[in-house]
Amino acid sequence: MALLSVWSEMRVGILFLSVLGLLSARLVGAGQDSGSVIPAESRPCVDCHAFEFMQRALQDLKKTAYNLDTR
């Protein structure tokens with residue numbers, strides 16, 4: 001019986017934390033709307049950012065492999 005009581009308190013706590021998290025995320029999202037907006041045409045796409053990141057990572061790996069080979 002005590003286990004059932006603890007379980008119901010945990011459910012209420014989890015529900016409360018979930019609602020609190022959703023409300024805070026909503027407030028944070030509302031605060032970000034008030035900045036300057038960059039038009040979509042001038043922003044690089046997500047794929048471009050990912051490609052550039054992977055390209056830099058590959059160059060770093062090549063440099064590391066070359067340094068290890070020369071040792």
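Could you tell me whether any residue of the stretch 48-66 is modelled with pLDDT under 80, exposed (fewer than 10 other Cβ atoms within 10 Å of the Cβ) and part of a helix (DSSP H, G or I)?
no
Give all pairs with beta carbons closer than 9 Å in which a residue from the stretch 1-27 that is at pLDDT below 80 meets a residue that is aliphatic (A, V, I, L, M); count only pairs at least 6 apart in sequence or on separate chains.
none
The values are calculated or read from the model by the stated rules, or taken from the named source; none is laboratory data. These numbers come from a predicted model, not from an experiment. Because the Cβ atoms are built from the backbone with ideal geometry, glycine has one as well, and the counts that use them run over all protein chains shown.
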